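Reading through the structure tokens given below for one structure.
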Amino acid sequence: MNVDALFSVQGRVALVTGGSSGIGRHIATGYAAAGAKVYICARTETKVMAAAQAINEATGGTCIGLTADLSTLGGIDALVAQVAARENALHMLVNNAGTMADAPIDDYGEDDWDQVIDLNLKAPFFILQKFLPLLRAGGTAERPASLINIGSVGALKVGPKENYAYQASKSAIHWMAKGLAKRLGRDNITANVIAPGFFESEMTVIASDEMRKMVEAMVPRGRVGTPEDLAGAAIYLASRAGAYVTGSVIPVEGGLSI
């Protein structure tokens with residue numbers, strides 16, 4: 001058994017949505033460092049291009065930035081067209097782009113609800129749907145293509161904030177993986193979820209040493225997550241080692257949900 005080959009993503013093609021910062025950037029960096037060709041997308045051109053350049057400089061790999069507005073089906077179609085113009089197959093699709101809105105239940109607005117549900121739940125489904133031809137082209141019985149949706153520890157354990165739409169959207173993402181796995185198995189595509197805990201990102205800002213100590217005290221592993229924690233899980237699911245894993249939620253949260 002060749003263990004290096006078992007966990008290799010060398011030469012594979014990946015797309016990470018919301019890959020210019022936070023969790024998506026950690027995963028994109030891991031893939032690029034491991035030899036995959038990585039596309040990242042975000043709405044702001046300067047931001048995504050700067051992130052792609054930084055990933056390339058840090059890893060010596062290949063990361064390509066694309067601009068995309070995933071809030072509309074037209075924007076999703078435009079992203080698919082950009083990737084399809086460059087690639088004949090896609091091996092890894094990481095649906096990471098998302099948002100959060102928290103407010104007291106009496107004040108929680110319809111616009112906030114719709115925005116969170118649309119980007120966190122509706123968009124990942126239709127991004128997958130539109131990329132199915134490329135994913136089908138990338139998967140084989142021995143080495144399937146990999147769909148990884150980013151869930152949340154917030155779907156495993158209720159936190160202190162009143163972020164109802166976020167909790168609902170991420171819980172749905174967790175459960176949707178099972179239905180997708182059952183249907184997509186015949187197409188040589190696995191469907192799994194990574195449920196991160198505390199990682200520093202635009203949605204999880206650790207603003208002070210006091211806050212960091214409070215977070216660390218909540219986590220059985222006693223620390224905030226690192227880029228390597230997320231990259232390792234994403235590489236595993238996309239490698240030959242994860243080829244028989246589908247319909248699963250992988251918590252990467254240091255035991256926070258216990």
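With 19 Å as the cut-off, how large is the P(r) tail for the stretch 1-99, expressed as percent of Cα-Cα pairs? Of the Cα pairs, 37 percent sit more than 19 Å apart. In the P(r) worked out for the stretch 6-54, what percent of Cα pairs fall beyond 14 Å? I get 44 percent for the Cα pairs in the stretch 6-54 exceeding 14 Å.
Taking only Cα atoms, what is the 0 to 90° angle, nearest 10, from helix 164-184's long axis to the longest principal axis of the chain? Its long axis makes an angle of about 30 degrees. Globularity index of the stretch 158-258 is 1.22 (Cα radius of gyration / 2.2 N^0.38 Å, N = number of residues).
Working from the alpha-carbon coordinates of the chain, get Rg over Rh, Rh being the Kirkwood radius. Could you put the intermediate results ahead of the total?
Numbers: Rg = 17.4 Å, Rh = 18.4 Å.
Here Rg/Rh amounts to 0.95.
Our coupling estimate for the stretch 142-151, obtained by passing each phi through the Karplus curve with A = 6.51, B = -1.76, C = 1.60 and θ = phi - 60°, is 7, 10, x, 6, 10, 9, 10, 9, 8, x Hz, Gly and Pro reported as x.
Inter-part distance, the stretch 134-172 to the stretch 181-258, computed on C-alpha centroids, equals 10 Å.
Under 5 Å between amide hydrogens, built in the peptide plane, is the criterion, and for LEU66 it picks out ILE40, CYS41, ALA42 among residues at least 5 positions away or on other chains. Taking the C-alpha atoms only, the angle from helix 123-138 to the longest principal axis of the chain is near 20 degrees. If you wrap the stretch 98-182 in the convex hull of its Cα atoms and look at it from every side, the mean projected area works out to 6.3 nm².
With all distinct Cα pairs included, what does the Kirkwood hydrodynamic radius of the stretch 40-145 come out to in Å, to one decimal, could you say?
Values: mean 1/r = 0.0645 Å⁻¹.
The answer is 15.5 Å.
Quick note on the stretch 40-97: its Rg to Rh ratio, both from C-alpha atoms and Rh being the Kirkwood radius, is 0.97. Taking only the Cα atoms of the stretch 88-234, the ratio Rg/Rh comes out at 1.02, with Rh defined as the Kirkwood radius.
For the stretch 145-187, the Stokes-Einstein estimate of translational diffusion at 4 °C and a viscosity of 1.567 mPa s comes to 113 µm²/s, using the Kirkwood hydrodynamic radius over alpha-carbon pairs.
Simple rule: put +1 on each Lys or Arg Cβ and -1 on each Asp or Glu Cβ in the stretch 116-200, find the dipole, and look at PHE126, ALA137, PHE199; the Cα lying farthest toward the positive end is ALA137. In loop segments of the stretch 83-166 as defined by DSSP, the GluC sites (Glu not before Pro) with at most 10 further C-beta atoms inside 10 Å of their C-beta are GLU142. Cross-linked pairs LYS47/LYS213; LYS130/LYS157; LYS157/LYS178: Cα-Cα separations exceed 25 Å for LYS47/LYS213; LYS130/LYS157. Ordering 221-233, 91-103 by mean Cβ neighbour count within 10 Å, with the highest value first, yields 91-103, 221-233.
No lab work stands behind these numbers, since they all come straight from the coordinates. Note that the coordinates shown come from a computational prediction; the quantities given were computed from them, not determined experimentally. For neighbour counting, all protein chains shown are included, and Cβ atoms are generated from backbone atoms with ideal geometry for every residue, glycine included.
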